[in-house]
1. Sort through Phe141, Phe216 and tell me the only one that's out of contact with any Lys or Arg (no Cβ under 8 Å at 6 or more places or on another chain) and at pLDDT 95 or above.
2. Out of all the residues in region 85-114, which are of a type outside the set (Asp, Glu), surrounded by 14 or more Cβ atoms within 10 Å (Cβ to Cβ) and not in a helix (DSSP H, G or I)?
3. Can you find a residue in region 172-179 that is within 28 Å of Asn126 (Cα to Cα) and more than 16 Å from the ligand (Cβ to nearest atom)?
4. Go through region 180-231 and count every residue that is assigned to a loop (DSSP other than H, G, I, E, B) and within 16 Å of the ligand (Cβ to nearest atom).
5. Just checking, how many residues over region 57-83 are surrounded by fewer than 17 Cβ atoms within 10 Å (Cβ to Cβ) and either part of a helix (DSSP H, G or I) or in contact with a His (Cβ under 7 Å, 6 or more places away or on another chain) (or both)?
6. Looking at region 16-25 only, could you name the residues that are surrounded by fewer than 23 Cβ atoms within 10 Å (Cβ to Cβ) and in contact with a helix residue (DSSP H, G or I) (Cβ under 7 Å, 6 or more places away or on another chain)?
7. Filter region 119-159 for residues that are in a loop (DSSP other than H, G, I, E, B), over 20 Å from Gly28 (Cβ atoms) and among the acidic types (Asp, Glu) and give the result.
8. Just to check your reading of the model, which residue among Val112, Val130, Val88 is of a type in the set (A, V, I, L, M), modelled with pLDDT of 95 or more and within 10 Å of the ligand (Cβ to nearest atom)?
Amino acid sequence: MKKITIAIDGYSSTGKSTLAKQLAKYLGYVYVDTGAMYRAVTLFSMQNGYISSEYFDKETLINSIPNIKLHFEFNPQLGYAEMHLNDVNVEKEIRTIEVSNFVSIVAEVSQVRAKLVEQQKEMGKNKAIVMDGRDIATVVFPDAELKIFMTASPETRAQRRFDELQAKGDDVAYEAVLKNVQERDYIDTHRDDSPLVMDDDAIEIDNSYLTREEQFNAVLELVNDIINKTN
Ligand code: DC
């Protein structure tokens, strides 16, 4: 069967990774969470003292880029690949609210973006990939056969992330999560380099009122249409 590239972009906490994982599993494709890569670079910056609530030492981070080694390792128990930073599994550490608070600032650095985009293009060179992020359709895979742009209201998304953090035992206020979602929306859509925008040929899915199954089935129909057409 013809292998395609699926690009999934959208605002934070719109369920991009849930949909991407479902699709990759069903199609036997590789799933790549590019947000995890930006989060890992953020964690690296925090660990080395380049970023805190008071300052951001952008120049030192840029000079340290060659020392940042990122790779994904498939975990068969989880059914998806986990993020490794310099050979250490950081899958849990990159999901904290602290990393979420700093990640958009790190993702604004063009030199960081250039390095990660290069790695992402390389991962997708044989197609059969589902990649999610903010610039996948516009920058990483402009020729992707299927481009999905996901949206949902900020309140719906904050509630989802709040529930996730609570389930992990992270004691955080809903208002703090909503504020983080709104701030990240603003930075993601207003940065100079590769801002989040819906690509001209992307298909928008607002999942505020869709179940996971409804969303998955709708997208699967699009995938099947494309595979059947290009066969
Ligand atoms: O998808 P996420 O919430 O884990 O992404 C974390 C941050 O990384 C998000 O605020 C924006 C940034 N990001 C990006 O700029 N480009 C991508 N392709 C993926 C994520």
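The values are calculated or read from the model by the stated rules, or taken from the named source; none is laboratory data. Please read these numbers as outputs of a predicted model, since none were measured by experiment. Here Cβ is always computed from backbone atoms with ideal geometry, including for glycine, and neighbour counts include all displayed protein chains.
1. After ruling out the rest, the residue left standing is Phe216.
2. Within region 85-114, Leu85, Val90, Thr96, Ala107, Val109 qualify.
3. no
4. 11
5. Final tally of qualifying residues: 10.
6. Hits for region 16-25 are Thr18, Gln22, Leu23.
7. Asp135, Asp143
8. Val112
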